[in-house]
Amino acid sequence: VFDCWFESGSMPYAQLHYPFENKDVFEKGFPAEFIAEGLDQTRGWFYTLTVLSAALYDKPAFKNVIVNGMVMAADGKKMSKRLNNYTAPDTLMEQFGADALRLTFITSGLVKGEELKFTDDGVKDMVRRALLPWYNSFKFFHTYAKVDGFDASKHLKFGDNILDRWVLSKLQTLVKNVNEEMQAYKLYNVVPQLFHFIEDLTNWYIRLNRRRFWEGKDLTDDKCAAYSTLYTTLNELSKVMAPFAPFLSEHIFQELKENFGEDLPESVHLCDYPEVEEARINEHLEDAVIRMQELILLGRQKRSQADIKVKTPLSNLTVIHQDQDLLDEISKLEDFIKIELNVKNVSYDSNEDKFIKLYAKPNSRVLGKKLGKEFKAFFGPISKLETETLKKVEAGKSISVNGKDLVPEDLLIYREAQEGSNALSNRWISVDLDINLTPELINEGLAREVVNRIQRSRKDLNFNVEDRIVVTVQADEIMKSIVQTFADYIKSETLTTDIQFGVVNLDEANSLEHKIDKFELKINLRK
């Protein structure tokens, strides 16, 4: 009896009754663009397809093959109803959604022919890391755009805001990269890029631009540009995500279609898949924002080390990098740096040696194998390498130590602050943060804490985002003086029309008590 797998291997020809008919159709579609099956088909369908095609045409029957691995239970055993060692798929989809389950599989090694020890936590994490932030970014847009009456058919316009241009550039870079990975059938490289983009959209673009969306009642040109940027991003992102998260993509697309005026196709799945608009990609701007993100993280780390709250302003941050052109690009983002790190002034310095000292250690995992018994003799000479030499290594050049040529991978390079400096550094950027606190800075920090408590109270009392309020404050003389000094700032940040001082009865509606450091603050909010 002939191996029945050869019938499956005959599929490209037999399904079209070739060569007896459909010759043109067959020749246009052979070899196939791709086939997809499980790892066990290596000796089944994959094998017989190849054997028959090689015998008949001296070439494979397919150009690409997507091989999925085997899904195992969390304990590494085969999934079994008898062992009850897995959660039923319909239960998982009911709890977390089909999109989350789908993305979990696409992100895993399954699409590379590897095994997956499946856990429910992996699906839950997909909701937390990707789907929920993405949906929250849409809800943010929906909430404010509805209040302001934004209509994409009338108000779509773009300005020169640097973060608008950045996120639209990042969007086009995403479209470009996803298309390239899909063309190469590397599904496992797609979702991580979506993670990074959603992180940039929610934790950077929206957070740094919140004021543009809720400040003022009129649809100014700048507010229209902010709405237009976020609308365009969400619209395009729903199309990019459609093959990977079809349900949430469709939901967001339909909400945009029904609520914001633009004449869109009936379904996201009836749209053309996005193609890159190269003209919108600005690599220098994307690089500058990456460095800005890095220096903000370093600034926060320095605050944490000095035990200074983020809401307490500091006088100066120095951004340090040897590339003056990069510093010039970062300076265009200075306003955002000031807000994120709560600093009064930002300065720039290209002389890294004033702030940072480089030192190195041998990369034991790499150099140990290369040098063998000689390895120990290199510890001392490597630790004494000068900063200028280490900069060459960072630039990708080789150096000579003890008569041996060492490549960058042989060394681990570290940074530490020069004596008398408050600098912090990573491989990409360095900062020096002035952590000296004056009474004026401390008081302004307390005023920011008051803003935080009022905003928190608005939320707890279910006030709408557009509600204007009157605030009554009861506090000791020190805190009262701080509120009076910074009254205009507090009102502008909390949509407060008037701040009054008096007795606040906590038994009355809309009255709350807060503690700020050693100070007690009672407030009453009313529309």
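The values are calculated or read from the model by the stated rules, or taken from the named source; none is laboratory data. The structure displayed is predicted, hence computed values, not measured ones. Don't worry about glycine lacking a Cβ; one is built from the backbone with ideal geometry, like all the others, and counts go over all protein chains shown. Quick note on the areas: whole protein, heavy atoms, side chains included, nothing else; ligands and nucleic acids left out. Shrake-Rupley method; radii C 1.70, N 1.55, O 1.52, S 1.80 Å.
Observations on the model:
- Segment Phe30-Arg43, length gained on full extension (0.36 nm per residue, minus Cα span): 2.5 nm
- At q = 0.06, 0.11, 0.12 Å⁻¹ the log10 of I(q)/I(0) for the chain amounts to -0.46, -1.23, -1.32, computed by Debye summation with a single uniform scatterer per C-alpha, solvent ignored.
- Set of the range 136-158 residues, backbone N closer than 20 Å to the point 7 Å along the Cα-Cβ line of Trp214: 136-150
- Label point 7 Å beyond Cα of Asp222 along Cβ direction - residues of the range 321-337 with amide nitrogen under 15 Å: 333-337
- Of the trypsin sites (Lys or Arg not before Pro) found in the range 345-424, those that fall in a DSSP loop while having at most 11 other beta-carbon atoms within 10 Å are Lys384, Lys397.
- Across the cross-link table entries Lys302/Lys391; Lys176/Lys338; Lys217/Lys459; Lys146/Lys309; Lys223/Lys309; Lys170/Lys302, which are compared at the Cα atoms, the separations over 26 Å belong to Lys176/Lys338; Lys146/Lys309; Lys223/Lys309; Lys170/Lys302.
- Student exercise, the chain dipole from Lys, Arg, Asp, Glu Cβ charges, in Debye to nearest 20: 1600
- Ranking of Ile435, Ile330, Ile499 by solvent-accessible surface, largest first: Ile435, Ile499, Ile330 (1.4 Å probe, protein heavy atoms only, all chains present).
- Volume per residue of the C-alpha convex hull in the range 328-446, rounded to whole Å³: 139
- Sorted largest first by accessible area at a 1.4 angstrom probe radius, with every protein chain in place, the residues Trp204, Trp214, Trp428 fall in the order Trp428, Trp214, Trp204.
- Residues of the chain: accessible area per residue with a 1.4 Å probe, Å²: 54
- Relative packing of peptides 250-261, 338-349 - highest average C-beta neighbours within 10 Å first: 250-261, 338-349
- Residues whose amide H comes within less than 5 Å of that of Gly38, counting only those at least five positions distant or on another chain, are Asn68 (H built at 1.01 Å from N in the peptide plane).
- For the pair Glu416 and His284, a Förster radius of 25 Å applied to the C-beta separation gives a FRET efficiency near 0.25, rounded to the nearest 0.05.
- Between Ala395 and Met72, the C-beta separation translates, for a Förster distance of 60 Å, into a calculated FRET efficiency of about 0.85.
- As a calculated quantity, the FRET efficiency between Lys139 and Lys384 at R0 = 45 Å, using C-beta atoms, amounts to about 0.20.
- Candidates per trypsin sites (Lys or Arg not before Pro) in the range 137-203, loop by DSSP, up to 16 other Cβ within 10 Å: Lys157, Lys186
- Ranked order, Asp58, Asp200 - accessible area, probe 1.4 Å, largest first: Asp58, Asp200
- Whole-number percent relative contact order across the chain, with pairs defined as alpha carbons under 8 Å at least 6 apart: 10
- Sequence-distant residues sharing a close amide H with Tyr348 (under 5 Å, placed H): Val319
- Accessible-area composition of the chain, carbon plus sulfur, in percent [1.4 Å probe]: 49
- Sorted largest first, extent of the range 286-398 alpha carbons per principal axis (Å): 54, 33, 25
- Amide H partners (placed H, <5 Å) of Leu219, local residues excluded: none
- Annotation: Lys332 carries an accessible surface of approximately 120 Å², with a 1.4 Å probe and no ligand, DNA or RNA atoms counted.
- Taking chymotrypsin sites (Phe, Trp or Tyr not before Pro) across the range 1-91, the ones in a DSSP loop with at most 16 further Cβ atoms lying within 10 angstrom of their Cβ are Phe2, Phe20.
- Counting only lysines at least 8 places from Lys384 when in the same chain, those with an alpha carbon closer than 24 Å to its own are Lys354, Lys357, Lys361, Lys369, Lys370, Lys373, Lys376, Lys392, Lys397, Lys404.
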